[in-house]
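Bear in mind that the values in this text are calculations on the coordinates, not laboratory data. All of these numbers come straight from a predicted model, not from anything done at the bench. Note: ideal-geometry Cβ built from the backbone for every residue, glycine included; neighbour counts use all protein chains shown.
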């Protein structure tokens, strides 16, 4: 029998199959799709967590290659400190890298007071937040450049952090070696007997052309 020119069996079967198949397919597919979706989301979440842990385990790279090379070649920096009341103080200093930290000595150049009474030493003990700026000038202003290091300073006395003191860090001894390697003048200074200031970088900023005119 034909209805509207189509076989009656086809006309009658189509709604019946749809009625039968739709709930069954939905019942079958919904949990499977939900499980698949949850698993996919869980995998992405785990991947994000793994990446976050990997990033946390890696120490931050404070200096890029150009910044580090510029600081290593510099003979002079400017150390900015402030006391507990925020009064600023800036002084030119010699410095050297010890790992990724900076070390600047309280050396034997003439000073009006003892090492522990210097303004920078007192400031660091009262307020460890410091900054170091290294720069150069050029008459051609397209050649200007500077690097600024902001960080936390520690007043390190002789024996502090030395292997003989039971501390494997050995920062004071490493600082003396690094400063003498950089500055020939320190060969005749008794740096082993004098404190150094350790600066642990918290942020680094740079600007301009990090090449000194004429290699100076």
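Based on the Cβ-Cβ distance from residue 211 to residue 177, what FRET efficiency comes out when R0 is 25 Å, to the nearest 0.05?
The value I calculate is 0.35.
For residue 108 and residue 73 in the same chain, what is the full-extension length gain: residue separation times 0.36 nm, less their Cα-Cα distance, in nm?
Full extension of this stretch gives 10.4 nm more.
Using the Kirkwood radius over Cα pairs, work out the Stokes-Einstein diffusion coefficient for the stretch 65-215 at 4 °C and 1.567 mPa s, in µm²/s as a whole number.
Approximately 81 µm²/s, per Stokes-Einstein.
Starting from 0.36 nm per residue, how many nanometres of slack lie between residue 129 and residue 190 once their C-alpha separation is accounted for?
That pair, residue 129 and residue 190, stretches by 19.2 nm at full extension.
Which order do the peptides 68-77, 134-143 come out in when sorted by mean C-beta neighbours inside 10 angstrom, highest first?
68-77, 134-143
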